[in-house]
Amino acid sequence: MAEPQQPTAVRGSGEGGGGQFRNAVGGVLCAFALLLIGVLAFSIRLFSVIKYESVIHEFDPYFNYRVTQVSLISAERSSAASIFCQRMESFSQKKRKKNGVYEFWNWFDDRTWYPLGRAIGGTVYPGLTLTAGTLWWLLNSLNIPLSVETVCVFTAPIFSANASWATYLLTKEAKGPGAGLMAATILAMVPSYISRSVAGSYDNEAVAIFALIFTFYLYVKTLNTGSLFYATLNALSYFYMVCSWGGYTFIINLIPMHVLLCIVTGRYSSRLYIAYAPLVVLGTLLAALVPVVGFNSVLTSEHFASFLVFIILHVVALVYYIKGLLTPRLFKVAMTFVIKVGLAFCYAVAVILVSLVASSPTKGWSGRSLSLLDPTYASKYIPLIASVSEHQPPTWPSYFMGINVLAFLVPSGIIACFFPLSDASSFLVLYLVTSVYFSGVMVRLMLVLAPAACILSGIALSEAFKVLIRSMKFQRPSSDDDSSTEGDEVSSVPANSMKNQSKTSVKSETVTKEKPSKKNRKMDQDPEGSSPVGPTREQKLLVLPCGPSFVGIMSLIVLCGFYVVHCVWAAAEVYSEPQIVHTYRSPYGLHVFDDFREAYAWLRHNTEVDDKVASWWDYGYQTTAMANRTVIVDNNTWNDTHIATVGTAMSSPEKEAWEIYNSLDVKYVLVVFGGLVGHRSDDINKFLSMVRIGGGVFPNIKEEDYLRDGIYRVDAHGTPKMLNCLIFVETDGTGFDRARGYEIGKKHFKLTHFEEVFTTHNWMVRIYKLKPQKNRVRGKLKLKSRSKTSSTLKSGGKTNPWQ
Amino acid sequence: MAPAPPRHLLLLLPLLLLAAAPAGADDLVAELQSLRARSPSGVIHLTDTSVTRFLSAPASRRPYSVLLFFDAAALHSKPDLHLPQLRTEFALLAASFHDRNPGSGDLFFADIEFAESQHSFHQFGVNSLPHVRLIRPEHSTLAGSEQMDQSHFGRLADSMAEFVESRTGLEVGPIVRPPLLSRNQIILLGILFLISIPFAIKRVIEGETLLHDRRVWMAGALFVYFFSVSGGMYGIIRHTPMFLTDRSDPDKLVFFYQGSGMQLGAEGFAVGFLYTLVGLMIAGVTHLLVKVESLQTQRFAMMAVIAIGWWAVRKVIFLDNWKTGYSIHTFWPSSWRIWNHPH
């Protein structure tokens, strides 16, 4: 990039009204391109709707959907079966909305974690729910009657379009609109982001990535302009991010890091102060308003970095202020004095901070954050976190799957950001480096890396295209070939004089390109911000030979083409499956397994409203949302003991399991078996984690009892304990297990304490009912010992003793 | 021939004496306690003789339990056995137990070395390592003592402590691990750090540190990128080796592992290098090559870059398809069926 004065001079001499026209056309084209990018981002995520149907995906989204339903009152009674909706029917439309939000804030959910329940309002990030709710309310007040479910399904694609626009803005701040458009296009279809934002994937990340990029954009914008207006917007955007996702801690650590970096490398400016100080003050206050964060925003170590940098920034600001007031000599004297006094103070503060932090057992950090700083932490101390597949470290194919050819382009983008290094481009590099490190620790954070990789690849591609196309457009005179042998110093002079004609037009082009960044630079009084390349560069026409440039352009286009093919393929084939409906392609055609919804519908229509259903925690959210029945555990795994109880029941023999379930008032047990249709992630597959979690709390459950020679199997070689436990008994049936590829070890059971009440079409879900009476009258001793439980049973048959 | 018997006899004498005049239970405990006091970690080193003396004695005179660690110096070099690591963890366990129960006579920690005491290894029936046994007073024969299960090595000293607590009913307490740096070292480092702060600040203000050199930052950023995309963190967390040896042919080395769930160190760095190489080449063309004056050089370098770039990208795509088993294909309108992939 050029020094500020030079382009103005060139523009003054060369360009007139034509430039304005070009700018206007460019602006219209740019807007049109952005519109298309938005359409692309939205439509590439519709494969799930086209291939399957408009349905909410997986597990967590069902919970979010249910929360949204409660926070709103759906107009259609049919779709919103939640009893909470029915309660508030009498309110008027507007009042309903308001009331819904308050109701949601204080909502205690008694349909889950029976008998404990869960206070939803204080334990969820409300951003997504409120966003979709507002969207629905807006559409309804415009007389567009959409169901809540439809709005929820399409929230993620809508916000992907927003995210690509935000990417355009952020990249434009750093490297101009060309790079911005490129980055936005790439982000619109990056697979790693698609994986979390296909239509139906109604999860926090769907809106959070937009909030993340937009917050970064506003920060960089403030940094470039020094405007307090953008600083305030930045704090609000940060607030939205805090509302949406726990990943907001990434922002509140990355921005301080960047501020610190700027200070250390001597790039302090008043703009930096304006960009950072309001964010910390306003942002922290706003963050504390979100119930799930609350006082954590000042008490946990994740946020301490921002406060420390806040203090440092003030000290530095003071130093710069005094430096402006005093003469250099006086300043030096004052500096030595202040440093001595100041350091003593700083030491004291540091000691207090360290002792405060050290007094908490995890040093104030949550396990997940710690495992990011020390990658081996989780695998050593927190098996529960380490066991989740999202928390595994990724291998190199994961990067190729997630960001594809961007992996090749990013290094070039990093280097482009250093020529020249501005506040904005240094922020982008820092964002990339931190996110790529974190993604290396946890595959889940590939999602945070994706925007950074897109931005830097966009910059790299845009720079490469700029150079190559310039080379094809303007060629050096052929005499250059001869003079080139004489060396740089000699050749540059004659070459210059000959190229005057083309030089001016090239420059005018660079001028238009660099206009926005130049405008931002007006406020910049910092000499460091200037370009590292000297004026000599301005004198030369930097071009490459024409032929190879053409080949280069074609190669890059092929590379981009491959990226598009990969992204479309990934969106269509890998990430679009809703996980609630499964498909299977056989030579005879497509088979659809809709067993889950079949089972939930059965529960909903054939059981009492207050019946309790036990299943492994994976199916908790779905059961509450779709069957509207109370569950014992669900996907919000906040209570280990409760999960361990269910795990123990599942891994115990029938009789013990019956006793455990009966003590929890359970009436139905839902198990998932994929053996018949070859569905791999069923309860047999998850069984070892049930044993492990159960054994973690109840020592009588031992993992070794279920393993034959350290290998887990349910065929004829399975251990007797394995072949007798409840989960096995209940999933049994077919003879040959297609998911694991062998014959089941034990067949033909006679259940004594449970009875099968429903099995879905493909045997994927089987529902069992606890038998109430049979073992009550067998011998006096037993009767005596079990009189207590049977009394609960009697009453539990029709009405719930807990109510 | 002649002088040999007396020497044997001499060696056997103490044994005979011990067997003939059995010491009382209190004596044995006191002796073990003194042995323990002499050992720095609190782990008593046993030999064939002392095993006979302390462990083969009838239960009535053996009111204590012994946790015995079977060690073999010859196998310390085998990395997959983790013997040295387990041995230090065992010492930690012993030290933690003694901190909790000073002067306890109920449980002793001991180790035994294969080369010195082969006889005892036979007596216990130990033929594979790592092996830890708990000999409780009620165990009448050595072979009847209880073996610590493999799963109890899993979390090192902590899980061993659980085993001991569950079997003996004695409390081990929290495992006290020595900090990486001793207290004095930490204080010294802290003071050095505090002293260096003013100098560092001065340097930073003057703007002449390494931090002000953007090339350092650039190299650092590129290195972090290279390391992460090559799955280096995976190698650190999972302790995967750089390469494996082929099972069927020990001379052949396996550098690439098929299956996306796992990767070897070398393959990650190879692909990470290709990722970074292409990016660096593009950057080289856009930022360096344009400044070169000679057209010939430019032409040649660009052709080289394009050729290497094509090769590298194709290689990575090929490796990825091979490793993951995915086949990426395009979607054409159905009216163009002729070229369509059958799927």
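Tell me which of B:HIS287, B:SER260, B:SER248 sits at the most positive position along the dipole axis of segment B:213-324, charges placed on C-beta atoms (Lys, Arg +1; Asp, Glu -1).
In segment B:213-324, that residue is B:HIS287.
Chymotrypsin sites (Phe, Trp or Tyr not before Pro), restricted to segment A:270-353: which are DSSP loop and have at most 12 other Cβ atoms within 10 Å? Provide the component values of the computation, followed by the final result.
Working: sites: A:TYR273, A:TYR276, A:PHE295, A:PHE304, A:PHE307, A:PHE310, A:TYR320, A:TYR321, A:PHE331, A:PHE337, A:PHE345, A:TYR347; in loops: A:PHE295.
Here the chymotrypsin sites (Phe, Trp or Tyr not before Pro) that fit, given the DSSP loop and packing criteria, are A:PHE295.
Can you compute the FRET efficiency between B:ARG203 and B:PHE273 using 1/(1 + (r/R0)^6), with r the Cβ-Cβ distance and R0 = 30 Å? Round to the nearest 0.05.
Numbers: r = 35 Å, r/R0 = 1.16.
After rounding to 0.05, the efficiency reads 0.30.
In what sequence do A:ILE684, A:ILE144, A:ILE727 fall when counting other Cβ within 10 Å, fewest first? Kindly include the intermediate steps, with their values, before the conclusion.
Numbers: A:ILE684 24, A:ILE144 10, A:ILE727 27.
Lowest count first: A:ILE144, A:ILE684, A:ILE727.
Among A:TYR584, A:TYR202, what is the fewest-to-most ranking by other Cβ atoms within 10 Å? If you can, show how the numbers build up before the last one.
Details: A:TYR584 13, A:TYR202 28.
So the residues, fewest neighbours to most, are A:TYR584, A:TYR202.
Note down the nm distance, to one decimal, between modelled labels 7 Å out along Cα→Cβ at A:TRP638 and at B:HIS122.
My value for the distance between the label points is 6.4 nm.
Let me confirm one metric for peptide B:297-308, namely the mean number of other chain beta-carbon atoms within 10 Å of its residues' beta-carbons.
Rounded to a whole number, the mean comes out at 4.
FRET efficiency for A:ARG680 and A:HIS591, Cβ-Cβ distance as r, R0 = 25 Å, nearest 0.05? If you can, show how the numbers build up before the last one.
Details: r = 16 Å, r/R0 = 0.62.
Here the calculated transfer efficiency is 0.95.
Take peptide B:213-225, look around each residue's Cβ out to 10 angstrom, count Cβ atoms belonging to other protein chains, and average those counts. Before the final figure, lay out each step's value.
Working: counts 1, 7, 1, 0, 9, 8, 0, 2, 12, 6, 1, 7, 13.
Across the residues of B:213-225, the mean count of other-chain Cβ atoms within 10 Å is 5.
Please give the FRET efficiency for A:ILE469 paired with A:LYS51, using the beta carbon to beta carbon distance and R0 = 35 Å, rounded to the nearest 0.05. Intermediate results must be reported in sequence, preceding the final value.
On the way: r = 39 Å, r/R0 = 1.11.
Once rounded, the FRET efficiency stands at 0.35.
Counting pairs of alpha carbon atoms under 8 Å apart in space and at least six apart in sequence, what relative contact order in percent does segment B:213-324 give? All intermediate terms of the calculation are to be shown ahead of the outcome.
Details: 91 pairs, mean separation 28.1, N = 112.
Reported relative contact order: 25 percent.
For segment B:213-324, what value does the Rg/Rh ratio take when both radii are computed over Cα atoms and Rh is the Kirkwood radius, given to two decimals? Don't jump to the answer; show the numbers that get you there.
Details: Rg = 17.5 Å, Rh = 16.1 Å.
Reported Rg/Rh, Kirkwood definition of Rh: 1.08.
Starting from the 7 Å offset along Cα-to-Cβ, what nm value, one decimal, do you get for the label separation of A:LEU35 and B:MET303?
Label at A:LEU35, label at B:MET303, 4.6 nm between them.
Counting other C-beta atoms within 10 Å, which of B:HIS76, A:HIS605, B:HIS239 has the fewest, and how do the rest follow? If you can, show how the numbers build up before the last one.
Values: B:HIS76 14, A:HIS605 8, B:HIS239 11.
With the sparsest Cβ surroundings first, the list reads A:HIS605, B:HIS239, B:HIS76.
Once you charge only the Cβ atoms, +1 for Lys and Arg and -1 for Asp and Glu, what is the size of the charge dipole of segment A:238-363 about its Cα centre, to the nearest 20 debye?
Approximately 540 debye in magnitude.
None of the figures in this text is laboratory data; all of them are computed from the coordinates on show. Just so you know, these numbers come straight off a predicted model, no measurement behind them. Counting neighbours? That spans all protein chains shown, and the Cβs are built from the backbone with ideal geometry, glycine included.
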